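K.L.:
Dumping the structure here so I can ask a few things about it.
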Amino acid sequence: MIPLSTKMRPDNLDEFVGQTHFMYQGSLLYNAIKNKTFDSAIFFGPSGTGKTTLARIVAKEMDADFIEINASTTGTKELKEIIENAKTRFFGLQKETTYVYVDEFHRWNKLQQDSLLKALEEGVIRFIGSTTENPYFAVNNAVISRVRNIYEFRRLTTDEILGLLKRTLEDSLKGFGGLNVSYDKEALRILADMSSGDARVALDTLGFIVDNLSEGTKLDEKIVGEAMQRQTTFYDRSEDKYNLLSALQKSVRGSDPDAAVHYLARLLEGGGDIQMIGRRLLVMASEDVGMAYPSAITIVNACVQAALMVGLPEAQINLAQAVVLMASCPKSNASNMALAKAQADLQTKKIDDVPPHLKDAHYSGASKRGHGIGYKFPHAYGGYVPQQYLPDNLYKEGVRYYEPTENGSESSFKKYLEELKRIDERNHKG
């Protein structure tokens, strides 16, 4: 049986959903595909966000030979055969370029990835690689330098997935339009929300529900929860999750580990997913704990990554550690407030230029423009030397954005900075 997510793949660009930060009517990528000037690209991002779908649309719009392979099942030998056949088409009578789409491209080792280089340079093939890994770490630099663009795919919004689900229920050709499925609008929204931005999960879950829905039964919240094997109480009202996340953060900020764990438990019991909770925890580590305990961001990030790897239900142990740690450690928002003050100045003041001695001096002719002249390298002075860093007008005003607290580790940073300030004052008095 063909999965519903496969059957519902769009056939053209105008049906493609999501990725509006680079794919919209009139965008450079949209025009490149329509004008048949699309070259090579790497698509990266989470599963179910449209990477394979867009690659197939590109191939269809380009009217070119299209070969789709998966790096986990295709080796160097098969790739060389594909390239040889592509050479025949490119240098032969057809004069055709072949588009090669490699799914899970990050699974190939350096040697396998480098097998593409010559064919890419000669124009024998046009390459589209998709990966869930960051290509700047998972893909060889030699390949990246030969690929025109790298596009980051983001998780679909709840509204975008909701639109896909409604289209599926109304589409008589590929979807369930001919079945007149009775459904509760809120239940459909809950399904979209619980899919965590993954269109494949949303559509295949809908397919499972409709295929096994008893005659005369309405698709409601209870059925969605049964299909997803998760409680839906968390999604009864759209504001619930934001109220619980807010209560969690304020409890951590208020150093109440009992209340913080309580709200974490409600989030988990209600069906909150790891990524949503994890994102908020990472923000809290910098926004609320900050410099009072600088290691918090590292530990919390490790806990969130561990939770993602372990998965529920055990992941809740990792999340609980992160929450209790932050609720129980010293707090400071001084670094966040420093940034806010600096941004406020940028919006309300006319700021002078970067001082000449701080400007980039690593290019020919920089010294003629006065760039870098007079700059004192702190390491050559034992780690610190009095020197102006702020723009002239802010320096003359004696602007201070960062005001460290006495909390936790920040107290030691405060003492260090105060000592440097005293050195500056002595130097200024001369």
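The values are calculated or read from the model by the stated rules, or taken from the named source; none is laboratory data. Since the model is a prediction, treat every value here as computed from it, not as a measurement. Ideal geometry is used to build each Cβ from the backbone, glycine not excepted, and the neighbour counts take in all protein chains shown. For accessibility, only protein heavy atoms count, side chains too; no ligands or nucleic acids. Shrake-Rupley method; radii C 1.70, N 1.55, O 1.52, S 1.80 Å.
K.L.:
Looking only at the range 92-117, which residues are free of Cβ contacts under 8 Å to residues at least 24 places away in the same chain and farther than 20 Å from Lys36 by Cα?
P.N.:
Gly92, Leu93, Asn109
K.L.:
Okay, moving on. Taking the residues in the range 320-363 that are in contact with a helix residue (DSSP H, G or I) (Cβ under 6 Å, 6 or more places away or on another chain) and hydroxyl-bearing (Ser, Thr, Tyr) as candidates, determine which candidate is surrounded by the most Cβ atoms within 10 Å (Cβ to Cβ).
P.N.:
Restricting to residues being in contact with a helix residue (DSSP H, G or I) (Cβ under 6 Å, 6 or more places away or on another chain) and hydroxyl-bearing (Ser, Thr, Tyr), the top hit is Ser332.
K.L.:
Just name the residue that is nearest to Leu325 (Cα to Cα) out of those in the range 402-417 that are open to solvent by 50 Å² or more (accessible area, probe 1.4 Å), within 35 Å of the chain's Cα centre (by Cα) and of a type in the set (Ser, Thr, Tyr).
P.N.:
Among those residues, the one meeting the criterion is Ser412.
K.L.:
Of all the residues that make up the range 364-386, how many are open to solvent by less than 50 Å² (accessible area, probe 1.4 Å) and under 30 Å from Gly290 (Cβ atoms)?
P.N.:
Selection size over the range 364-386: 4.
K.L.:
Return yes when Gly178 is in a helix (DSSP H, G or I), surrounded by fewer than 16 Cβ atoms within 10 Å (Cβ to Cβ) and either of a type in the set (S, T, N, Q) or free of Cβ contacts under 8 Å to residues at least 40 places away in the same chain (or both) and no when it is not.
P.N.:
yes
K.L.:
Can we say Val102 is in contact with a helix residue (DSSP H, G or I) (Cβ under 8 Å, 6 or more places away or on another chain) and either within 14 Å of Ile128 (Cβ to Cβ) or open to solvent by 20 Å² or more (accessible area, probe 1.4 Å) (or both)?
P.N.:
Taking the combined requirement at face value, the residue does not satisfy it.
K.L.:
Here's something else I'd like to know. Of everything in the range 181-210, what is charged (D, E, K, R) and open to solvent by less than 60 Å² (accessible area, probe 1.4 Å)? Give them in sequence order.
P.N.:
Hits for the range 181-210 are Asp184, Arg189, Asp193, Asp198, Asp204.
K.L.:
Spot the failing condition for Ile317; the list is (1) open to solvent by less than 50 Å² (accessible area, probe 1.4 Å); (2) within 28 Å of Asn407 (Cα to Cα), and only one is missed.
P.N.:
With respect to (1) open to solvent by less than 50 Å² (accessible area, probe 1.4 Å); (2) within 28 Å of Asn407 (Cα to Cα), Ile317 is out only on (1).
K.L.:
For the range 296-355: of the residues being touching a residue at least 60 places away in the same chain (Cβ under 8 Å) and of a type in the set (Gly, Ala, Ser), which is nearest to Ser246 (Cα to Cα)?
P.N.:
Here the residue is Ala327.
K.L.:
When residues of the range 216-247 are filtered for being aromatic (Phe, Trp, Tyr) and either modelled with pLDDT of 95 or more or crowded, with 20+ Cβ neighbours inside 10 Å (or both), how many remain?
P.N.:
The qualifying residues number 2.
K.L.:
What number of residues within the range 118-143 are under 21 Å from Tyr30 (Cα atoms) and open to solvent by 10 Å² or more (accessible area, probe 1.4 Å)?
P.N.:
1
K.L.:
Still on this structure, I have one more. List the helices (runs of 4 or more DSSP H) that sit entirely inside the range 91-167 and contain at least 2 residues that are among the small types (Gly, Ala, Ser), more than 30 Å from Glu186 (Cβ to Cβ) and touching a Leu at 6+ places or on another chain (Cβ under 8 Å).
P.N.:
Qualifying helices (runs of 4 or more DSSP H): none found.
K.L.:
Still on this model: Give me the pairs, please: first residue somewhere in the range 403-423 and free of Cβ contacts under 8 Å to residues at least 60 places away in the same chain, second residue anywhere and open to solvent by less than 70 Å² (accessible area, probe 1.4 Å) and among the aromatic types (Phe, Trp, Tyr), beta-carbon distance under 7 Å, and either six or more positions apart or on two chains.
P.N.:
Leu420/Tyr384
K.L.:
Is it the case that the range 387-394 has a residue that's open to solvent by 100 Å² or more (accessible area, probe 1.4 Å), at pLDDT below 90 and touching a helix residue (DSSP H, G or I) at 6+ places or on another chain (Cβ under 9 Å)?
P.N.:
No, the range 387-394 contains no residue that is open to solvent by 100 Å² or more (accessible area, probe 1.4 Å), at pLDDT below 90 and touching a helix residue (DSSP H, G or I) at 6+ places or on another chain (Cβ under 9 Å).
K.L.:
Would you mind stating whether Leu213 is open to solvent by less than 60 Å² (accessible area, probe 1.4 Å) and part of a helix (DSSP H, G or I)?
P.N.:
Judged against the criteria, Leu213 is not a match.
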